[in-house]
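Single-structure report; data block below.
What follows is calculated from the coordinates using simple rules that are stated; it is not laboratory data. Bear in mind the structure is a predicted one, so any value in this text is a computation, not a measurement. Neighbour counts are summed over all protein chains in view; Cβ atoms, including those assigned to glycine, are modelled from backbone coordinates with ideal geometry.
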Amino acid sequence: MESGVPLLNLLCDEDISSLNSNLFDKNDNPFDSITITEPDCEFIESSFRKETSFRATRVERWPESARLEAVKWILQTRALFGYHYRTAYLALIYFDQFLAKTCFSDGKTTWTNRILSVACLSLAAKMEESKARPLIEYRVEGYDFQGIAIQKMELCVLHELEWKMGVLTPFAYLNYFTAKFCTEKSRLHEIATRAAELVMAIVEEINAAENRPSIIAAASVLTAYDHNLESAVLEDKINSIPSWGSPEKDLAFSCYRLLQEIVMLKTPKSAVIPSSLLANNDSTITSKCGSKRRLNFGDSDEH
């Protein structure tokens, strides 16, 4: 893409405490312990198996500029309403899933893009938030959508998605992968926070409906841990996930490389990379983040 959402701007001027309050429930502090229990592993393994709905559609029906506008509006409105980050990501999964199944005439692209963004965020909020905002509070510049119109679009989305709205997001895995990949207890808070930023940054570059949330979460945590991991170290960490086969591991590598580009090209180094890493930064990445990336998760749909 020629223009993108800068990584730090995705936080919409929120401070770290605000980020963490939106990431984790008040009674769920993931930084008190780095122990992964057997029930935790069983839950994660079960969640991995539920990700089969995330598959490549191989069809591009929507202008990338329109999708970028939807991403920006959803992220900005999430911040305005104080919604969780997982709510925004879930809204974009709905958005991408819907567009993969539906065709619209070019003349209706702008109007449809706006009201679809509203409907998807509203539906995601109803799934994730304890207090979802009423439809009248959803504002789109240049449009005055009536509640009944938004409700009709919500029904269209529900119909196309076959009412399967309980979808996993990368945020379901952040605690697990942070504990799995990081043995330094003092860094758990930092890594989980930065990984959340990276999850929200990569959603601009990929189709949220195609890419497995566990892969996105793992790569985001690894990038937050160190965006310049040597290949051998990266391989060892990815190999520590017992249920992942070669397809998942290859995709995690690809996602990590994409996140490297995002970190290097979209964010001031001093704002994202610890000074200790800056001193040893020998990255040779020269490519630019271009059009929306396809990490090709179709090969691992059966795992």
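Structure summary
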| read-out | value |
| --- | --- |
| Candidates per GluC sites (Glu not before Pro) in segment 160-205, loop by DSSP, up to 14 other Cβ within 10 Å | Glu162, Glu184 |
| Under 5 Å, built H, 5+ apart or other chain: amide partners of Ile206 | Arg293 |
| Of Lys50/Lys185; Lys126/Lys237; Lys126/Lys185; Lys50/Lys126; Lys126/Lys249; Lys72/Lys237, pairs whose Cα-Cα distance is over 28 Å | Lys50/Lys185; Lys126/Lys237; Lys126/Lys185; Lys126/Lys249; Lys72/Lys237 |
| Ranking of Cys120, Cys182 by count of other Cβ atoms within 10 Å, fewest first | Cys182, Cys120 |
| Long-range amide H partners of Val140 with built H, under 5 Å | Phe145 |
| Table column - 3J(HN,Hα) (Hz), segment 152-168, Karplus curve with 6.51, -1.76, 1.60, x for Gly and Pro | 5, 5, 4, 5, 4, 5, 4, 5, 5, 8, 6, 6, 8, 9, x, 9, 6 |
| Fewest-first sequence of Ser47, Ser243 by Cβ atoms within 10 Å of each Cβ | Ser243, Ser47 |
| Given charges at Cβ of Lys, Arg, Asp, Glu: segment 192-255 dipole, positive-most of Phe253, Thr223, Ile241 | Ile241 |
| Taking Thr109, Thr183, Thr193, Thr169 and counting other C-beta atoms within 10 Å, the order from fewest to most | Thr183, Thr109, Thr193, Thr169 |
